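This report refers to the structure that appears directly beneath it.
The values are calculated or read from the model by the stated rules, or taken from the named source; none is laboratory data. Since this is a predicted model, take the numbers as computed values, not measurements. Note that we place each Cβ from the backbone using ideal geometry, even for glycine, and neighbour counts take in every protein chain shown.
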Amino acid sequence: MHVIKRDGRQERVMFDKITSRIQKLCYGLNTEFVDPVSYEISIASYRYSCATSLLEDWSLMCPSDCPGLDECWGEEFEKLYIKYEQEGRAKRVVKAQQLWYAIIESQTETGTPYMLYKDACNRKSNQQNLGTIKCSNLCTEIVEYTSKDEVAVCNLASIALNMYVTPERTFDFQKLASVTKVIVKNLNKIIDINYYPVQEAENSNKRHRPIGIGVQGLADAFILMRFPFESAEAQLLNTQIFETIYYAALESSCELAAEFGLYETYAGSPVSKGILQYDMWEKTPTDLWDWAALKEKIAKHGVRNSLLLAPMPTASTAQILGNNESIEPYTSNIYTRRVLSGEFQIVNPHLLKDLTERGLWNEEMKNQLIAQNGSIQGIPTIPDDLKELYKTVWEISQKTILKMAADRGAFIDQSQSLNIHIAEPNYGKLTSMHFYGWKQGLKTGMYYLRTKPAANPIQFTLNKEKLKEMQNSTSNEEETKERNKAAMVCSLENRDECLMCGS
């Protein structure tokens, strides 16, 4: 089959790697109608819970024979599903974990399919008064209603968070709120004057007026504040950043509604009933902002936009500003950047500055950094405070990543593009990771699964003669790696022993 790339090129795509195992169980999947670039699985909570039992069956149903299943969620889905099961309408019945392991195996080999949780996406959506949300976009952060008459549109902008860290190492929440309000006004202008290639897109965008504000440089902001990614200070700042953006976006949208009117489908939405995103998560905001006053203002004027926040990957725009992507930690402290003029080795600029100021940066340090694949944890001359501050994503507990996603999720009314990084994935690690994210209430459980490559091409540039002098300091690395690997192996029956769930 072929797909059309963003630049208009037609490219042949072999879809078998992602779907072959799943197709063996779910026969009848028509790949002509599935986009191989964004293959994802939307999972209802009722069926997800079945995977916890080896004995539970999972009935595979055709939407033509079982109408309405794709149009409902929650208890309504469960009742209709059980009804169709009892009527014998299933095309095939498999063990829940048989299908689950097919998904896990595909993720281990290809990094996909993506995981979205249908019930969470609908239960916590301000568009739930429109109907059932059935899908997301390519990057899994846009969760909007679609129908035969409406094509959902995402109107996006990202905020460079590192720009709000002051020289005194405080975070300027007032400035962040001010810029967020400007972004809301600008995106509303875009909705009004944009060119729409199809009428269905214009119908959707002008009726519901959704926008998606995201971020970049969260890891950079933590480093500038001197907060290790896993620290309590970083976790609080993470929450307060998104609380600030959500508050300011709502306030700006309310002010626009007072001037230009409500969005067309406002009536019946959760916000129209005084229910904000954190209410749907059953979370309490910090005391940073006056939420009670804002709710009173919204009750009087309403809002101009149905949706406001959607942290996107920012893979291209973050490069322009020299920031780390989106909400993610640094994947490495040294990497290769390819441009038209050639390939260049880039060192984390914050780390380079710190090492230079402490008189530690030299050719030997560069070689050690390359030898350690961008990690500084095994370099004995680097102080412990820097080792904590510059942990890569491979050295950060994915439980922390998921918890921070849930913390900020209480202020994200769409969803967030959330990559998971596991160096050596297996069934146990992935299963416990998915279940932890699901129980945390995430809408997007996983965008891509990132794993470590078997080979490290950047090491071909390494001066191995100079490296020989430093080999003694890393002799125990393999032994430590094996211990960590054994400690991380877990299963549904032994979750407490897994660092993914129990740490």
Give the residue, chosen from Leu340, Leu294, that is surrounded by 15 or more Cβ atoms within 10 Å (Cβ to Cβ) and either of a type outside the set (S, T, N, Q) or touching a helix residue (DSSP H, G or I) at 6+ places or on another chain (Cβ under 7 Å) (or both). Leu294
Going through segment 161-189 in order, the residues found to be among the aliphatic types (A, V, I, L, M) and in a helix (DSSP H, G or I) are Leu161, Met163, Leu176, Ala177, Val179, Val182, Ile183, Val184, Leu187
Of the residues in segment 134-150 that are surrounded by fewer than 22 Cβ atoms within 10 Å (Cβ to Cβ) and in contact with a Lys or Arg (Cβ under 9 Å, 6 or more places away or on another chain), the one that is farthest from Ala201 (Cα to Cα) is Lys134
Take Asp407 and tell me if it is buried (at least 16 other Cβ atoms within 10 Å of the Cβ), in the same structural domain as Ala219 (by TED's automatic domain parsing) and charged (D, E, K, R). yes
Thr331 surrounded by fewer than 19 Cβ atoms within 10 Å (Cβ to Cβ) and at negative phi: yes
Checked against (1) in a strand (DSSP E or B); (2) without any contact (Cβ under 8 Å) to a residue 40 or more places away in the chain, Gln345 satisfies every condition except (2)
Exclusive hit being among the β-branched types (Val, Ile, Thr), within 25 Å of Ala232 (Cα to Cα) and in contact (Cβ under 8 Å) with a residue 40 or more places away in the chain, set Ile370, Ile382, Ile376: Ile376
Tyr101 passes all but one of the listed conditions (1) in a loop (DSSP other than H, G, I, E, B); (2) surrounded by 14 or more Cβ atoms within 10 Å (Cβ to Cβ); (3) not acidic (Asp, Glu); the exception is number (1)
Counting only residues that are over 23 Å from Arg207 (Cα atoms) and in contact with a Leu (Cβ under 8 Å, 6 or more places away or on another chain), how many does segment 296-311 have? 0
Among the residues of segment 421-430, is there at least one that is within 30 Å of Ala157 (Cβ to Cβ) and touching a residue at least 60 places away in the same chain (Cβ under 8 Å)? yes
List pairs: first in segment 278-301 and within 12 Å of Phe411 (Cβ to Cβ), second part of a helix (DSSP H, G or I) and among the hydrophobic types (A, V, I, L, M, F, W, C), Cβ under 6 Å, 6+ apart or cross-chain? Pro285/Trp291
Which residue, of Leu321, Leu402, Leu418, is in contact with a helix residue (DSSP H, G or I) (Cβ under 9 Å, 6 or more places away or on another chain), surrounded by fewer than 16 Cβ atoms within 10 Å (Cβ to Cβ) and either in the same structural domain as Ile211 (by TED's automatic domain parsing) or closer than 19 Å to Glu141 by Cβ (or both)? Leu321
Looking at segment 107-127, can you tell me whether even one residue there is of a type outside the set (Lys, Arg), surrounded by fewer than 18 Cβ atoms within 10 Å (Cβ to Cβ) and at positive phi? no
Please tell me if Leu352 is outside the structural domain of Ile159 (by TED's automatic domain parsing) and assigned to a helix (DSSP H, G or I). yes
